1. Part of a strand (DSSP E or B), away from ligand 1 (no atom under 12 Å from the Cβ) and surrounded by 15 or more Cβ atoms within 10 Å (Cβ to Cβ): does that describe residue B:10?
2. Taking the conditions exactly as written (at pLDDT 90 or above and within 14 Å of chain B (Cβ to nearest Cβ)), does residue A:78 satisfy them or not?
3. Within the range A:113-132, how many residues are at pLDDT 90 or above and either at positive phi or hydrophobic (A, V, I, L, M, F, W, C) (or both)?
4. With more than 16 Å from ligand 2 (Cβ to nearest atom) and either in the same structural domain as residue B:179 (by TED's automatic domain parsing) or in contact with a strand residue (DSSP E or B) (Cβ under 8 Å, 6 or more places away or on another chain) (or both) as the only criterion, which of B:32, B:52 stands out?
5. How do the helices (runs of 4 or more DSSP H) wholly within the range B:215-287 filter down when requiring 3 or more residues that are more than 26 Å from the chain's Cα centre (by Cα) and of a type outside the set (A, V, I, L, M): which remain?
6. Here is a list of conditions, (1) surrounded by 21 or more Cβ atoms within 10 Å (Cβ to Cβ); (2) farther than 18 Å from residue B:77 by Cα, and residue B:128 meets all of them except one; can you say which number that is?
7. Quickly run through the range B:142-158 and pick out the residues that are within 13 Å of residue A:215 (Cα to Cα) and within 16 Å of ligand 2 (Cβ to nearest atom).
8. Going by what's in this entry, would residue B:86 be described as closer than 30 Å to residue B:130 by Cα, part of a loop (DSSP other than H, G, I, E, B) and acidic (Asp, Glu)?
Amino acid sequence: MSVAQETPSQPQIQRHTPVPRNGRWSGFRHLLGARMLELAREKEVVFWVFVFPLLLALGLGFAFRNKPADRTTIAILASPNAAHIQELIQSSAQKNAIHAEIVDDAQAAKGLRLGKYDLIVDPVSADKVQYHYDPARPESVQSHVEVDGALQAAAGRKDVLATSVIVSSEPGSRYIDFLIPGLLGMNLMNSGMWGIGFALVDMRQRKLLKRFVATPMRRTDFLMALASSRLILMVIEVGLLLGFGILMFHMRVLGSFFTIVLIGALGAISFGGLGLLTASRAQKIESVSGLINIVMMPMWILSGVFFSYERFPATAQTFIKLLPLTALNDALRATILEGSSLVSQTGRISVLVIWGAISFFLALRWFRWT
Amino acid sequence: MPAAVECRDLRKTYDGKVEAVRGLSLAIQPGECFGLLGPNGAGKTTTIEILEGLLEPTSGEVSILGRSWKTNARELREYIGISLQETRLSEKLTVRETIELFASFYTQPRSTDEVLSALQLNEKSDALVGKLSGGQKQRLAVATALVASPKVLFLDEPTTGLDPQSRRQLWDIIRAFQGEGGTVLLTTHYMDEAERLCDRLAIVDHGQIIAEGTPADLIERLGGHHVVEFALSGNGHLDNATWQSLPSVDSVRNEDGVICLNVREPHRTIPALLEKVDQQSAQLERLNTRQASLEDVFVNLTGRHLRED
Ligand SMILES: Nc1ncnc2c1ncn2[C@@H]1O[C@H](COP(=O)(O)OP(=O)(O)OP(=O)(O)O)[C@@H](O)[C@H]1O
Ligand SMILES: [Mg+2]
């Protein structure tokens with residue numbers, strides 16, 4: 001039996017095998033696919049866009065978590081009466097809210113300075129105490145009121161008015177609730193500016209833009225693919241950060257996911273436009289990096305990412321509210337935390353739209369492909 | 001049939017100062033492989049990018065396949081394939097993905113598999129571009145041009161920096177394309193490349209064509225097909241006119257003490273040369289003869305070598 005006859009012949013590669021004609025959107029689809037693959041394979045992008053914001057939320061969320069407000073640590077200066085004061089506190093109704101340590105003067109002073117103690121109690125004599133604290137520290141003021149109340153009651157004071165308190169610690173008013181929408185806004189700005197601005201200049205420097213325009217590729221397809229990749233990433237960013245907030249910090253999201261994504265899209269497009277503008281002429285990635293940082297830096301500080309811009313003077317706030325990141329952060333907060341609708345925030349939405357429109361208009365006039 | 005590539009009196013001045021191209025005209029016929037040969041900064045890239053419609057000339061006319069960039073840009077883009085002097089393709093895409101991306105821009109591209117095998121990139125089809133060798137990257141660059149199924153192929157220094165084997169591989173690919181009726185315009189500063197690959201070539205210097213023709217033509221025009229090179233020691237210091245007067249010598253040049261004679265019939269020149277050296281009681285330090293090359297053409301025309309390295 002001949003082996004050679006049994007072996008199937010190698011498939012011959014035909015020259016110029018007819019390929020189905022490419023349709024109108026073939027270029028767009030491939031550009032978008034290629035962009036998504038590139039992003040997924042770029043470890044730095046995955047880290048900065050997805051992991052970093054979560055780490056930031058985790059770190060800041062724990063550092064600034066609401067401490068059990070019902071516990072204050074105080075120092076009692078070592079003296080013959082110190083033990084008596086300690087007993088009084090132990091016998092008071094607030095004994096679980098006050099942790100008292102008997103220490104010497106130097107230790108007490110140091111502890112107060114470092115924030116270990118909120119208050120120093122100096123038992124001057126059997127029936128006289130002196131408090132030391134800094135009235136600029138809210139927790140010290142509170143501690144003073146609490147400790148004084150406990151000591152007076154334990155020593156025999158009778159309250160003349162009957163009062164009671166109902167405690168409320170609502171998700172929605174904590175620092176983490178403030179922080180997560182801010183981080184989301186900042187993340188949309190970062191990835192919009194870098195993902196569009198930096199990416200374009202990098203491609204220009206590598207002569208890849210020139211190579212692309214040497215083909216029949218539609219330039220609008222190219223820009224649309226870039227914008228679409230941003231929008232897809234945006235949805236993932238929003239979902240991840242909100243999901244993280246809900247799971248880790250029991251954050252309550254009042255607005256609809258659809259409205260949040262719509263605002264996210266507006267932010268992503270608006271900052272994409274700014275990114276396009278910064279990239280319209282720059283030939284070197286070094287120069288566009290500088291430009292992007294100059295644009296973003298003021299907004300990190302002013303636009304209420306980590307702390308409220310209410311802390312700035314009123315005159316500055318009018319200007320701050322015109323910044324795109326402020327508008328985005330405010331809109332995200334109002335929607336996520338309060339469930340505000342889009343129509344109720346036309347002011348912020350207009351700020352975003354105007355920034356986006358002006359950026360795109362100028363960018364497309366100035367943009368260089370080579 | 002219109003010329004595949006034609007331009008008349010091209011001029012390009014960068015920023016109103018640098019005159020990169022100064023009145024350059026050429027016509028390339030369909031099926032021809034045409035080379036632009038010239039030293040660094042001669043204006044080759046500027047010229048080829050104007051012809052590719054990527055750069056606006058300061059003045060002059062360009063027509064590709066009888067059409068103009070001003071009125072038929074989209075159509076022309078479908079007909080031409082380009083490899084730029086320096087493009088860094090996305091490192092995070094694979095070879096196949098890159099070719100498919102470029103194919104997607106054309107209405108009727110060649111199949112990716114066919115291009116992969118034509119360029120011997122089959123084995124590397126799933127490798128990331130960032131992991132390719134220089135020669136493989138260069139072949140991929142040509143693949144992105146060939147996937148267009150172009151009528152005209154523009155290659156700007158396709159083999160610069162490649163090892164001899166990779167260069168020969170690319171030459172084969174270019175010849176195969178030409179063999180199927182394609183037209184090629186390439187730039188190079190390698191003599192051997194121009195000599196072996198090009199049907200016709202133009203030598204460009206300072207933005208102008210200083211000689212044009214087939215490689216054989218150009219060497220023919222030099223006068224002698226042969227070069228006799230020798231050096232003398234001792235007191236034998238003779239001027240060029242002495243050597244010019246030897247039989248069958250066409251031209252003489254002196255390169256740092258080495259005398260080069262362009263000679264038609266070495267068997268007539270060399271005995272006379274030896275006799276002359278003897279008369280002057282000088283000693284020959286070395287003597288060799290070789291076929292004239294394009295390098296000699298260039299040096300004869302400009303007094304400089306093509307590559308100063
Ligand atoms: N964008 C530009 N702006 C200003 N001058 C330029 C520009 N591009 C090229 N030149 C100048 O024009 C001249 C011709 O450059 P070109 O790149 O066309 O030369 P080339 O023949 O391709 O050289 P090489 O062999 O080094 O690639 C050079 O003097 C170069 O410095
Ligand atoms: Mg060049």
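1. Spelling it out, it is not the case that residue B:10 is part of a strand (DSSP E or B), away from ligand 1 (no atom under 12 Å from the Cβ) and surrounded by 15 or more Cβ atoms within 10 Å (Cβ to Cβ).
2. no
3. Matching residues across the range A:113-132 total 4.
4. Step by step, each of B:32, B:52 is checked, and only B:32 is more than 16 Å from ligand 2 (Cβ to nearest atom) and either in the same structural domain as residue B:179 (by TED's automatic domain parsing) or in contact with a strand residue (DSSP E or B) (Cβ under 8 Å, 6 or more places away or on another chain) (or both).
5. B:240-244, B:266-279
6. Result: residue B:128 fails condition (1) only.
7. Selection gives B:154 alone.
8. Here the answer is yes, as residue B:86 does meet what is asked.
The values are calculated or read from the model by the stated rules, or taken from the named source; none is laboratory data. Source: prediction; values computed, not measured. Glycine gets a Cβ as well: all are built from the backbone with ideal geometry, and neighbour counts include every protein chain shown.
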